[in-house]
1. Could you list, in sequence order, the residues of segment B:317-336 that are surrounded by 14 or more Cβ atoms within 10 Å (Cβ to Cβ) and either away from chain A (no Cβ under 14 Å) or modelled with pLDDT under 90 (or both)?
2. Restricting attention to segment A:203-238, which residues are away from chain B (no Cβ under 14 Å), crowded, with 17+ Cβ neighbours inside 10 Å, among the aliphatic types (A, V, I, L, M) and part of a helix (DSSP H, G or I)?
3. Considering only segment B:181-191, I want to know if a residue exists there that is crowded, with 18+ Cβ neighbours inside 10 Å and within 16 Å of ligand 1 (Cβ to nearest atom).
4. Please tell me if B:G64 is free of Cβ contacts under 8 Å to residues at least 60 places away in the same chain, within 16 Å of ligand 1 (Cβ to nearest atom), out of contact with any helix residue (DSSP H, G or I) (no Cβ under 6 Å at 6 or more places or on another chain) and within 14 Å of another protein chain (Cβ to nearest Cβ).
5. Restrict the check to segment B:31-54 and report whether at least one residue is within 16 Å of ligand 1 (Cβ to nearest atom), under 17 Å from B:L170 (Cβ atoms), touching a strand residue (DSSP E or B) at 6+ places or on another chain (Cβ under 9 Å) and within 14 Å of chain A (Cβ to nearest Cβ).
6. Filter segment B:157-180 down to the residues that are within 16 Å of ligand 1 (Cβ to nearest atom) and at pLDDT 85 or above, then identify the one that is farthest from the other protein chains (Cβ to nearest Cβ).
7. Within the bounds of segment B:344-353, is there any residue that is part of a helix (DSSP H, G or I) and more than 7 Å from chain A (Cβ to nearest Cβ)?
8. Restricting to segment A:307-351, what's the tally of residues that are free of Cβ contacts under 8 Å to residues at least 60 places away in the same chain, in contact with a Leu (Cβ under 7 Å, 6 or more places away or on another chain) and in a helix (DSSP H, G or I)?
Amino acid sequence: MYMNKIAQILKKSVFRTLAAIVLGLFVAGIILAVAGYPPLRSMLALGKGIFSSPKYVSNVLIKSTPIIFTGLSVAFAFKTGLFNIGVEGQFIVGCLASTLVGITLDLPPVIQVPLVLLAGLVAGAAYGGMIGVLKAKFGIHEVISGIMLNWIALYLSNYICILEPFRKGDSNGTYQVSEASKTLILGAWKNTDDGRNFLKGIPILGEAFLKTDVNIGFLAAVIMAILLAVLLKKTTKGFELRAVGYNKYSAEAVGIDIKKNIIDVMLISGAVAGLGAALYITGNTPHKITVLSAFEGMGINGLPVALIAGSSPVGCILSGLLFGGLMYGGQALQYEVGAPTEIINIVIGIIVFFVAIMKGVPRLLLKIPRRGGKHVK
Amino acid sequence: MIEPSKEYVVQMHGITKRFGSFCALNEMNLDVKSGTIHSLLGENGAGKSTLMNVLYGLYQADEGEIFLKGEKVEVKNPSDAIKLGIGMVHQHFMLLEKFTVVQNIILGDECISHLGMVDMKKARKDVMEIANKYGLHIDPDAKISDITVGMQQKVEILKALYRGAELLILDEPTAVLTPQEIQELIKIMKNLIDSGKAIIIITHKLKEIKAASDICTIVCRGKYIDTVDVKSTTESELAALMVGHDVNLVVDKSPAEPKETILEIENLVVENEKKMDAVKGLSLNVRKGEIVGIAGIDGNGQKELMDALSGFIKAKSGTIKINGKEIQNTTPRNIIDSGISIIPEDRHKRGLVLEFGVFENAVLNKYRKMPYSKKGILNQKAMEQFTNELIQECDVRPAGCTYDHAGNLSGGNQQKLIIGREVSNNPELLIAVQPTRGLDVGAIESVHKTLVRERDKGKAILLISFELDEVMNLSDTIAVIYDGKIQDTFLQGTVDENTLGLLMAGGRNHVHE
Ligand SMILES: Nc1ncnc2c1ncn2[C@@H]1O[C@H](COP(=O)(O)OP(=O)(O)OP(=O)(O)O)[C@@H](O)[C@H]1O
Ligand SMILES: [Mg+2]
């Protein structure tokens, strides 16, 4: 009987995901134990590394923000039947464009901030749109063009960031974006004596503000998730995009332009990644880009975020937070019990794995009582 | 209820199956005697496919028992069923589009050579052997995506035979076959029975039940009604048993009053996927207020004609005009906007988005219009209200299915949904391809009535059907298609079945020469 109940509960994707997370942590515990680290203490350290101080919590939010954006980008494309692995490249060009504009211009913040964000958004959209055009016009699979464009973005960014007007001295990076470009909350004020004294007087928030780069990114991510959810569910455009994603033949038959929709999806998906990139640059120190020897993985990490969220935009916020929490709190594993932070990657991998197989679990569970039932009769 | 006994290949007793709160089968019984062809008859959504899916292990019954030859069995999944000698051909095909015919047939049951590789040569030989034995002519190396629905059906039948099925379940196998093919199939079925196999066949065509089966079990809304001896029961008795009231089996309509021409097709040439001409200089006119039916055997250019009419592929030459405006190489949306609505042949591929709710499918061709959306924002209330009306008007069952997945509706109810949706678009020209495929007699009657009603409203209707009876009963003008061309056209009542059959098979019409 209770097997039946569990199966019913697990049919809801939210609970399935929660079960997958618990299982993922459990397996991670076993792996830690096998590797000779105390599993319980490690888990406690992880928890402490995330929740034990306002600074930590604030940092988790900050760390999660870019991968929520790239997660949203991937999830949105996913919902409409496209696999946007090119999100890494879109994030990189978003960083590049917003940095360049942020360095070059120095207008009052009310104009400067929107311009810098727009630069990232447009660059990401254009870069994603290219994948869409390649697919719609020439039938090139989005994964192939996406991966190639990722490399192009990486080297393009590396090349431009040490070009003359942008390079700072003989460092391997650009100048910081202008002060007016930054999207920090209370950024300048908290460095004044007044600000510092005032914030010290506020118990929890004060510490968070003083010790971390509190910025508007997370708020923007939440708004973006809601916007995308509304777009998909409530608008005719979303209706078309979903129809094409599920069955492009029927969509074509009722007059929906499939090619145009593919391009639109990639434009939007790229724009989301690019905006996330711009917010990342303007909201986090060092507020600049440097030569990268390899992909940072901001985009690629969006894939598991979207997978864990089951491609639900609002779910991406939660899974992004989980992901960010594990990455940030994972550092505590290292200095508290000496376990390598790679264990966190294993945890994330296992969670994704369980999310994927959990879909089959209710069916499996439902068969178990049937077998026993024969003996009862 | 009949006691479990050796004489029966299959006995299903007290089968109950619920989907959520909806009870699809309610203590259903079925007893199939060895050496018989047993038909299942019931309205759309009565639970026939569900019952067979339970037998085949795709669904687990909530209650009830299954006996094979008197022995109680548990069928937990299709591979159990196959091991027990049960084979099933599904109502909607389960083939892999990118694989060839042979690959599809052997998939999951490959013969492995000693090197651990799939022995394709042997597989191909085995498949061809069975195909030839039963007269199922196929092109073993064609890709599924390149062959017609009729061909795909044959592949499905072969697939079950290849796995050595002793009991063959055929879920509406004839819905897509031509009359000749149906005759062949009936012969094959008789052969199978003679070699000791048993067959359960689901079909809505009463004629076939009479011609092919020995015993018939009638289902109504998930409940067992009766099991009758087919020989001693008439078609209308069967229909009445199933629907619960008398059904009018012939189409009732007044003579047509055609007005000006709406659709003009001239010398149309369209290529198929292999880049060969499939429509070869076809010309045809359809006027307001008439039903033009195209009779023909599947594979004579109907699919390509439809693809060109729908705007999916470009015409190589020739013109298609609607109200004098050429539309042959525009987009599907332009074609829809110029007043054409199409009921497609393949409801899963072209008609529905199965993952969408019924309400979303109901507005699939009008979501951009008021009141379903306003300035790009969908209006859920209007969508829901329209869907509820459509469900009621077209008798889509179950009645409260507005927010169900379209994929969960029974085949016939999916079809009703599409027809309702297209007709409600109020088109000037309605093109219906196999519109009654998979519908029960009651529903067919209402679809035919709908088409005649639209005609009487002054609409033009083009009907493409592989069912000669339907074309002959419904059309005011009958056009025969063969080898990509219209061979001849006749007014209703001026031609008999034999002449049409001959023309459809490529024979000459001596009467007219
Ligand atoms: N997976 C499912 N989930 C929910 N409801 C279902 C599911 N499958 C079938 N149903 C419902 O069960 C009922 C019976 O469906 P079934 O497919 O067995 O009908 P059928 O007799 O084969 O009809 P048809 O002649 O139209 O094919 C239908 O009302 C259908 O909507
Ligand atoms: Mg059915």
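The values are calculated or read from the model by the stated rules, or taken from the named source; none is laboratory data. Note that the structure is predicted; figures quoted are calculated from it, not measured. All Cβ positions, glycine included, derive from the backbone under ideal geometry; neighbour counts span all protein chains shown.
1. Let us first name the residues in segment B:317-336 that are surrounded by 14 or more Cβ atoms within 10 Å (Cβ to Cβ), namely B:318-323, B:327-328, B:330-336.
Result: B:G318, B:T319, B:I320, B:K321, B:I322, B:N323, B:Q328.
2. Scanning segment A:203-238 gives A:A208, A:L210, A:A220, A:A221, A:M224, A:A225, A:L228.
3. no
4. Answer is yes for this residue.
5. There is at least one residue in segment B:31-54 that is within 16 Å of ligand 1 (Cβ to nearest atom), under 17 Å from B:L170 (Cβ atoms), touching a strand residue (DSSP E or B) at 6+ places or on another chain (Cβ under 9 Å) and within 14 Å of chain A (Cβ to nearest Cβ).
6. This residue is B:L170.
7. Yes - at least one qualifying residue is present in segment B:344-353.
8. 1
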